[in-house]
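**Q** Can you read through this structure? Questions will come right after.
The values are calculated or read from the model by the stated rules, or taken from the named source; none is laboratory data. Everything quoted here is computed from the prediction, not taken from an experiment. As a convention, Cβ positions derive from the backbone with ideal geometry for all residues, glycine included, and neighbour counts pool all protein chains shown.
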Amino acid sequence: MREVVVISGKGGTGKTSFSAAFAYLEGSNALVSDCDVDAANMHLLLDANFKNQSDFFSGEIAVIDEDDCTNCGICFDACRFDAITPTDDFHVVDPISCEGCHYCFRVCPHDAITMQTQKAGDIFISDIKNNTQMVHAKLCFAAENSGKLVAKVKEEAKILALKKDKEFVITDGSPGIGCPVISSLSGASLVVLVTEATVSGLHDLQRVQKLVKTFNLEAVCIINKYDLNLDMTQNIEEYLEEENIKVVAKLPYDDTFTKALAKAQPIVEYDENSELSKLVKDSWEDIKSIIRNKK
Amino acid sequence: MKITFASGKGGTGKTTISTNLTSYLARMGKSVVLADLDVEEPNAALFIKSTLKKTEISNKMSPKWEEVDCALCGKCAEVCNFNAIVAMPEEILVFPELCHSCYACSELCPTDSLPMTPSRIGEIKEFKADGFSLVEGRLDLGQEMAVPLIAQTIEYTDKNFSDSIKILDAPPGTSCPVIEASRGSDFVILITESTPFGLNDLKLAVETMKVLKQKFGVIINRYGIGNKGVQEYCRDENIPIITKVQNDKEVAKLYSKGELIYPQIEHFKNSLDDIVKFIGGLK
């Protein structure tokens, strides 16, 4: 089982559109996971049925018992997150600010504080189009560390892929370079970087590629909207060459992606025989052969 | 007045609209500052001609083990809830990237062997542009926690530009970084696009704003493509639509070059006027 992780640094470059297209093309030979748990939306293109739901617990928040609290203020002094506020009779915790560090709980002389485990998200395993399954999630409000939920989604997807003897796991990563992205990248067989021919597309590509390099991962790149700015495309290609990253596709700016989206279809389903679909199909074949040729 | 531009989905136009609006307000003679809070991938500065005025190192506090008096009792590892400290038989290992700076280990250590010390997580840069300033938070690569830097960038902006209109460009998503970028603002403008992705992520962002009890409105970007889902949702939920920015490849082309849009595209400028008027109507 090999894992392809699609990431982009910058949001809105087409990451999910490509991941969903690859998933659709590979069908029952691949398992799909959506690691953009902050704003998951790959399920919209793949007709997920949210068949199997489970709760994901992570992190805790402090709760102060009004009756046991003597208003001594020791917890208030200990808290570095401004999460504890005194009232006339007792102290209260703001659950949004509480970091779950347990410090107040440990120092309260009256045992008035308990730590309560928080539900951090829902994890779903869904049947999707083309006879396969996907693992996806929804992060709860202000839940701690979405990186842990990402790790859980990936773990579930891998277990399922092994169980069902799938050749690939196709993972839609999250934007940025922080905790969820780092978590998305772990264990990737190949990283697909999606960028666009804009100044910010190049800037964010460079940052995320540095991250990919620190994990010693091999990457390929898709340049989207290349015709918006041919000079920029050239700059991106020069950068990729220096980094030894192969360009597996260059796609034009095309509203067809959005039209497919409005119909809740991957581009290769919406307009199967178009030039765009051909480019996407070729890139997926390219990606597969790169992975299969790895030791 | 402090206004945050946020969105659930990435790439909907937060930076395009916030950079253009800031420049436009400055051209109207307003005192205005833009803060780029997308610290993982800051790129407002790419769209604004400016000169660097000041750089501050951004630190977070984490414990540093001092061997001398340490009794190796292991209390520090016991009280750390983030696995940032491991007590070995003959030494204490600290993993600063996992540390949440709660100070429990440091303050509960019986021998004061873990003093809190600053370690770099990124930079805060202040740029001078034509008629306004830009403050940027930039997280170092490999750092996982964006929230402390976002908080410091806001603090810097508040302190140095107390009398200006503050425009905050938030990171994408709906979790902690966005909450940090939104909770202290007078108003949040959620930018979306009229596609099922846009709608899905807008709903998540709206849920977040409601829990925060934050006042908010919506801008529909790339209007004219996709479907009517976002409009219907806003109507049903009584969410004000501040403006609809037309879908236009010329806008995308200018953006690709890092150029400001409103001096060259009339309909885009009209949308900025809608936003200025809306902001003016806020108390």
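**Q** Can you tell me which condition residue B:33 does not meet? The list is (1) in a loop (DSSP other than H, G, I, E, B); (2) of a type outside the set (Gly, Ala, Ser); (3) more than 9 Å from chain A (Cβ to nearest Cβ); (4) buried (at least 20 other Cβ atoms within 10 Å of the Cβ), and all the others hold.
**A** (1)
**Q** Please indicate, with yes or no, whether at least one residue in region A:137-160 is surrounded by fewer than 18 Cβ atoms within 10 Å (Cβ to Cβ), in contact (Cβ under 8 Å) with a residue 60 or more places away in the chain, in a strand (DSSP E or B) and away from chain B (no Cβ under 11 Å).
**A** No, that holds for no residue.
Okay, residues lined up against (1) touching a strand residue (DSSP E or B) at 6+ places or on another chain (Cβ under 6 Å); (2) within 14 Å of chain B (Cβ to nearest Cβ):
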{"position": "A:176", "(1), (2)": "no, yes"}
{"position": "A:182", "(1), (2)": "no, yes"}
{"position": "A:190", "(1), (2)": "yes, no"}
{"position": "A:202", "(1), (2)": "no, yes"}
{"position": "A:210", "(1), (2)": "no, yes"}
{"position": "A:223", "(1), (2)": "yes, yes"}
{"position": "A:234", "(1), (2)": "no, yes"}
{"position": "A:247", "(1), (2)": "yes, no"}
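**Q** Determine, yes or no, whether residue B:162 is assigned to a loop (DSSP other than H, G, I, E, B) and touching a Lys or Arg at 6+ places or on another chain (Cβ under 8 Å).
**A** no
**Q** Take the residues in region B:90-107 that are crowded, with 16+ Cβ neighbours inside 10 Å and under 11 Å from residue B:74 (Cα atoms); name whichever of them is nearest to the other protein chains (Cβ to nearest Cβ).
**A** B:105
**Q** Which of the numbered conditions does residue B:255 fail, given that it passes all the others? Conditions: (1) crowded, with 18+ Cβ neighbours inside 10 Å; (2) without any contact (Cβ under 8 Å) to a residue 12 or more places away in the chain.
**A** Answer for residue B:255: the failing condition is (2).
**Q** Name every residue in region A:256-276 that is touching a residue at least 12 places away in the same chain (Cβ under 8 Å), more than 14 Å from every other protein chain (Cβ to nearest Cβ) and either closer than 18 Å to residue A:224 by Cβ or in contact with a Pro (Cβ under 6 Å, 6 or more places away or on another chain) (or both), in order of residue number.
**A** Listed by number, the residues that qualify are A:268, A:271, A:274, A:276.
**Q** Within region B:96-110, track down each residue that is over 20 Å from residue B:120 (Cα atoms) and aliphatic (A, V, I, L, M).
**A** Of everything in region B:96-110, those that are over 20 Å from residue B:120 (Cα atoms) and aliphatic (A, V, I, L, M) turn out to be B:104, B:108.
**Q** Is it true that residue A:223 is free of Cβ contacts under 8 Å to residues at least 40 places away in the same chain, in contact with a helix residue (DSSP H, G or I) (Cβ under 8 Å, 6 or more places away or on another chain) and assigned by TED's automatic domain parsing to the domain that holds residue A:44?
**A** Against the criterion (free of Cβ contacts under 8 Å to residues at least 40 places away in the same chain, in contact with a helix residue (DSSP H, G or I) (Cβ under 8 Å, 6 or more places away or on another chain) and assigned by TED's automatic domain parsing to the domain that holds residue A:44), residue A:223 qualifies.
**Q** Let me ask something else about it. Six or more apart or on different chains, Cβ atoms under 6 Å: show the pairs whose first residue is in region B:209-227 and more than 10 Å from chain A (Cβ to nearest Cβ) and more than 18 Å from residue B:9 (Cβ to Cβ) and whose second is of a type outside the set (Asp, Glu) and not in a helix (DSSP H, G or I).
**A** These pairs meet every condition: B:214/B:188; B:215/B:187.
**Q** List the number of the failed condition for residue A:211; all other conditions in (1) within 24 Å of the chain's Cα centre (by Cα); (2) part of a helix (DSSP H, G or I); (3) at pLDDT 95 or above hold.
**A** (3)
**Q** Looking only at region B:129-147, filter to residues that are more than 7 Å from every other protein chain (Cβ to nearest Cβ) and closer than 21 Å to residue B:214 by Cβ; which one of those is surrounded by the most Cβ atoms within 10 Å (Cβ to Cβ)?
**A** B:137
**Q** Then there's this: For region B:181-283, give me every one of the helices (runs of 4 or more DSSP H) that falls completely inside it and has 3 or more residues that are in the same structural domain as residue B:158 (by TED's automatic domain parsing) and closer than 20 Å to residue B:47 by Cβ.
**A** B:249-256, B:266-281
**Q** Still on this structure, I have one more. Just checking, does region B:17-27 include any residue being in contact with a Leu (Cβ under 8 Å, 6 or more places away or on another chain) and assigned to a strand (DSSP E or B)?
**A** Checked against the condition, which is being in contact with a Leu (Cβ under 8 Å, 6 or more places away or on another chain) and assigned to a strand (DSSP E or B), region B:17-27 yields no hits at all.
**Q** Let me ask something additional. Taking residue A:244 and the conditions (1) surrounded by fewer than 18 Cβ atoms within 10 Å (Cβ to Cβ); (2) at pLDDT below 95, which numbered condition does it fall short on, given that it satisfies the others?
**A** With (1) surrounded by fewer than 18 Cβ atoms within 10 Å (Cβ to Cβ); (2) at pLDDT below 95 applied to residue A:244, the lone miss is (2).
**Q** Would you mind telling me which numbered condition in (1) of a type in the set (A, V, I, L, M, F, W, C); (2) at pLDDT 95 or above; (3) within 27 Å of residue B:201 (Cβ to Cβ) residue A:40 fails?
**A** Result: residue A:40 fails condition (2) only.
**Q** If you don't mind, there's one more thing I want to ask. Quick one: how many residues across region B:111-153 are assigned to a loop (DSSP other than H, G, I, E, B) and either in contact with a Phe, Trp or Tyr (Cβ under 7 Å, 6 or more places away or on another chain) or free of Cβ contacts under 8 Å to residues at least 60 places away in the same chain (or both)?
**A** Taking region B:111-153 first, the residues assigned to a loop (DSSP other than H, G, I, E, B) are B:111-115, B:130-132, B:140-146.
Add one more test, that the residue is either in contact with a Phe, Trp or Tyr (Cβ under 7 Å, 6 or more places away or on another chain) or free of Cβ contacts under 8 Å to residues at least 60 places away in the same chain (or both), and what stays is B:111-115, B:140-144.
Total meeting the criteria: 10.
**Q** Here is a further query. Looking only at region B:139-191, which residues are aromatic (Phe, Trp, Tyr) and farther than 20 Å from residue B:280 by Cα?
**A** Across region B:139-191, the qualifying residue is only B:156.
**Q** Has region B:70-91 got at least one residue that is small (Gly, Ala, Ser) and without any contact (Cβ under 8 Å) to a residue 12 or more places away in the chain?
**A** No - not one qualifying residue is present in region B:70-91.
**Q** I'm trying to understand the selection: among the residues of region B:185-208, which are more than 9 Å from every other protein chain (Cβ to nearest Cβ) and more than 20 Å from residue A:37 (Cβ to Cβ)?
**A** Listed by number, the residues that qualify are B:185, B:186, B:187, B:188, B:189, B:191.
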